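What follows is a short report on a single structure.
The numbers here are math on the coordinates, done by the rules we state, and not lab data. Since the model is a prediction, treat every value here as computed from it, not as a measurement. Note: ideal-geometry Cβ built from the backbone for every residue, glycine included; neighbour counts use all protein chains shown.
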């Protein structure tokens, strides 16, 4: 193309998807997606709770100020939802769908404010709704989606505090950080990024005249939000600290065995997983970030300033978990809040890039037939932005539809081993099998039978799906594994629970030799129906003797 053609294209920019600049369209999009998710969870979801979901439900029926490995946020959210919607999969999972809506709206508001283009709000929300990891987290009740929702509210509030002279925004910032920490402690990693930004760009900020007092109020709210966690840990010997140290594999942690030497695969796997999570939306974020940073530095709250703000807000969480990868093997989803923080950049890259693509198409269509080839794969024009966006839509739709019924995909040749359908379907069939075994013990053994699982997640699934939702026990810490919340409740701690001696039990996991130390007689019954993990057999124990035979 000639220079004059390029000028012609730029002159026609800014015309793509103008309808998306309305807040009403954003709200309609998020509302439609959320209603669809809730309808699916209520009437079409075929999958029982996964282990973490069931464990958080166990927390919710025993209200505490905090819990062994996490703050009380997820337990409180599930408790409120279950009280409103009943004890079922919908009641447990509804908080995830609601949190997904809050995160999308906060992202839209942040993008509209910081990117200098109201269209970016709609497409920032679209990026969240299309990203496969966030689609899954909006259907599964783990800590991640509520944590991301609070994080995004905090980032949006911070921008308004620093560039809109906001007053109530300071209260929102403090409350959002405090609430986010109740779900995941790494919410505090947002703070250093905001501090670095405020100090580095202090000459460009537009603060409320009473900003110092409001900052003090925000800090107070954040500390009040974290107070339940601190108080509970102080009362229980700081178990959460030991748990976090255990994740890092350092001295003082709750892992009974030290980790091996550092493996470069930990870091390489972390980097690869972050690239995989970013996907096509990540490409759009890079395009948007480069485009914003290249813009003239004239407006104190324009796209260039917004890009600096978002990059610094997201940086600490990526740096922290990269550092963690040098001492421990991590998980891909640990840094997802950082990915969400960069979605406004992806939205800006999209709308500006599609402006150019639309102008290119118009210019190409004006050419006489036969039109020349302007694309790499097609005759019509193509751009990196347009290709990345279409790939993001395609992957998002395929993943979104596929995760509604992954059991169908598991039957396709070559795909079955990549679809974790066993993890999603094993709870109900396993609980039905355990229920049958309990019935058999009632007929042939003395005393009311109970259930012990070596793993906290399977124990929680049994507690949820067994008839009557009984008390189930976990033996992990007593068999060389790590501690869990079951060790802190008197009624579920096998060392303190009353009335168990002499009774029979269904035993899940561990080995016959380990159970034999606690029971007069142990029978091997193989694996439960629907068991998806190898090396997790089941047994029948007769005559519980107590821990250590006491």
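Place a label point 7 angstrom from the Cα of residue 377 along the Cα-to-Cβ direction, then list the residues of the stretch 262-290 whose backbone nitrogen is under 17 Å away. Answer for the stretch 262-290: 279-284. Computed from the C-beta positions of residue 511 and residue 27 and an R0 of 51 Å, the FRET efficiency is 0.35 to the nearest 0.05. Relative to the compact-globule estimate of 2.2 N^0.38 Å, the Cα radius of gyration of the stretch 421-549 comes out at 0.95. Computed from Cα positions, the angle between helix 239-248 and the longest principal axis of the chain comes to roughly 70 degrees.
Packing order of peptides 368-378, 208-218, 331-341, highest average first: 331-341, 208-218, 368-378 (average count of other Cβ atoms within 10 Å over each peptide's residues). Estimated at 0.36 nm per residue, the fully extended path between residue 405 and residue 366 surpasses their Cα-Cα distance by 9.5 nm. Taking one quarter of the surface of the C-alpha convex hull of the chain gives a mean projected area of 29.4 nm². With contacts taken as Cα pairs under 8 Å at a separation of at least 6 residues, the stretch 421-549 carries a relative contact order of 27 percent. Averaging the sequence gap over all C-alpha pairs within less than 8 Å and six or more residues apart, then dividing by the number of residues, gives the chain a relative contact order of 15 percent. The calculated FRET efficiency for residue 261 paired with residue 220, based on their beta-carbon distance and R0 = 51 Å, is about 0.70. Extension gain, residue 323 to residue 524: 0.36 nm times the residue separation minus the Cα-Cα distance gives 67.9 nm. For the stretch 343-397, the equivalent ellipsoid derived from the alpha-carbon gyration tensor has semi-axes of 24, 13, 7 Å in decreasing order. When you count the other C-beta atoms within 10 angstrom of each residue and take the mean per peptide, 51-61, 221-231 line up highest first as 51-61, 221-231.
When you count the other C-beta atoms within 10 angstrom of each residue and take the mean per peptide, 138-148, 491-501 line up highest first as 138-148, 491-501. Per the helix-only calculation at 222 nm, which mean residue ellipticity applies to the chain, given -39500 (n - 2.57) for every DSSP H run of n ≥ 4 and division by its residues, nearest 500 deg cm²/dmol? Per the formula, -19000 deg cm²/dmol. In the stretch 157-250, the ratio of gyration radius to Kirkwood radius, Rg to Rh, stands at 1.08 when only Cα atoms are counted. Within the stretch 421-549, what percent of beta bridges assigned by DSSP are antiparallel, to the nearest 5? The antiparallel proportion sits near 60 percent.
Note: the stretch 127-173, Cα convex hull, 74 Å³ per residue.
Counting only alpha carbon atoms, the long axis of helix 384-402 and the longest principal axis of the chain meet at about 30°. For the chain, the longest principal axis of the C-alpha atoms and the axis of helix 303-324 are separated by about 30°.
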